[in-house]
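Report on the following structure.
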Amino acid sequence: MAQIIALVNQKGGVSKTTTAINLASYLAASGKYVLLVDIDPQANATSGIGFDTQTLPLSLYHSLIGGLLPEEIIRKTKLFGYDIFPSNSDLAGATVELVNMPNREFKLYELLRHIRTNYDYILIDCPPSLGLLTINGLVAADEVIIPVQCEYYALEGLGQLLKTIELVQDNLGSPIKVKGALLTMYDKRNRLSRQVRKEMDRNFAGYVFESIIPRCVKLAEAPSFGQSIIQYNPRSKGAKAYQRLAQEIINLDKK
């Protein structure tokens, strides 16, 4: 049975999608079968791994709202063992259409429970908001990874997100757990980055990954070529950081 992990942060620009794409690629490179679920209407994970969202005939929307089986929509990427449940702009309509549906918070959960035996890991790339699509991602997941950019408002946003996770646990009966917060865009030469790291370790002890994602131009360039960093520049410091993160997660799951 797959471990289902949602990558969530209501703030944009924190490397959430970058983490989803590259963590999935290194888990696959480690011999795991991985599915990346793009539940963001912006579809950056889908385009960032090499699919044209404008020409995709079917997307997650058609399963979530239209009732098509996930197997009809899931696509293989160019990396062995790495599949994607793609998104496109159609998914924006789901936020409206889900409102009046029964069990609206459980739609993604119902889809994934039928295919979770096909994978070792299922990663969910959630929108940068705390709306109904993100709630679906949280309810469907076993655990949450929270990418946190090393900047001034990082801790404030993290506190709000943890309260939302508690509400999902209490009101929807979800056993979701926080796997960890991941520091991203870290620059050791920058005093603020060092300060945020120190504050994270102090306020969220035991919930911060040892792996830290540095600022890296190659990480920013890779999606424009429709590639993960393992394809685009596996020797870059960003690639090595995501390789360490994948191994850290595999090691945690062995315990």
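Here LYS78 is the anchor, and the lysines within straight C-alpha reach of less than 27 Å, apart from those fewer than 8 places off in the same chain, are LYS16, LYS32, LYS218, LYS237, LYS240. Given springs between every Cα pair under 10 Å in a Gaussian network model of the chain, which of VAL168, VAL99, VAL144 has the largest fluctuation? Per the Cα network of the chain with a 10 Å cutoff, VAL99 tops the list. For VAL178, enumerate residues with amide H under 5 Å from its amide H, sequence gap 5+ or separate chain, H modeled in the peptide plane. Long-range HN contacts for VAL178: VAL144. Sorted ascending by nearby beta carbons within 10 Å, beginning with the fewest, GLU97, GLU143 become GLU97, GLU143. Ordering TYR82, ILE146, LEU133 by the projection of their Cα atoms onto the charge dipole of the stretch 63-171, which places +1 on the Cβ of Lys and Arg and -1 on the Cβ of Asp and Glu, puts TYR82 at the extreme positive end.
Where nothing but the Cβ of Lys and Arg (+1) and of Asp and Glu (-1) is charged, how large is the charge dipole of the chain around its Cα centre, in debye to the nearest 20?
Details: 28 positive and 25 negative charges, 245 e Å.
For the chain, the charge dipole is close to 1180 debye.
Each Lys and Arg adds +1 at its Cβ and each Asp and Glu adds -1 at its Cβ; summed about the Cα centre, the stretch 44-90 shows a dipole of about 160 debye.
What ranking do MET200, MET101, MET185 get, fewest neighbouring Cβ atoms within 10 angstrom at the top? Intermediate values should be presented prior to the final figure.
On the way: MET200 21, MET101 14, MET185 24.
By the 10 Å Cβ count, ascending: MET101, MET200, MET185.
Dipole orientation for the stretch 3-254: of the candidates ASN233, GLY157, ALA181, ASN233 has the Cα lying most toward the positive pole (charges on Cβ; Lys, Arg +1; Asp, Glu -1). Mean-square fluctuations from a GNM of the chain, with a 10 angstrom spring cutoff on Cα atoms, peak among GLY13, GLY48, GLY159 at GLY159. Footprinting exposure proxy ranking of THR184, THR117, fewest other C-beta atoms within 10 angstrom first, gives THR117, THR184. Largest GNM mean-square fluctuation across SER193, SER47, SER224, computed for the chain with C-alpha springs under 10 Å, falls on SER224.
From the Cα gyration tensor of the stretch 10-90, with a ≥ b ≥ c the square roots of its eigenvalues, which class applies: rounded if a/c is under 1.5, or else prolate if a/b is larger than b/c, or else oblate?
Values: a/c = 1.86, a/b = 1.20, b/c = 1.55.
It is oblate, given that a/c is not under 1.5 and a/b is not larger than b/c.
Cα gyration tensor of the stretch 3-254, axes a ≥ b ≥ c as square roots of the eigenvalues: rounded (a/c below 1.5), prolate (a/b > b/c) or oblate?
Working: a/c = 1.64, a/b = 1.22, b/c = 1.34.
Taking the square roots of the gyration eigenvalues as a ≥ b ≥ c, the stretch 3-254 is oblate.
Can you list the aspartates and glutamates whose alpha carbon sits under 18 Å from that of LYS198, skipping same-chain ones fewer than 8 residues off? Reachable aspartates and glutamates: GLU151, GLU156, ASP187, GLU210.
Placing unit charges on the Cβ atoms of the charged side chains and taking the dipole of the chain about its Cα centre, the candidate lying farthest along the positive direction among LEU35, GLY13, PHE204 is PHE204. Computed per residue of the chain from DSSP H runs no shorter than four, each worth -39500 (n - 2.57), the mean residue ellipticity at 222 nm is -11500 deg cm²/dmol.
Laboratory data are not the source of any read-out in this text; all were calculated from the coordinates shown. The shown structure was predicted, so the numbers you read here are calculated from the model rather than taken from an experiment. Counting neighbours? That spans all protein chains shown, and the Cβs are built from the backbone with ideal geometry, glycine included.
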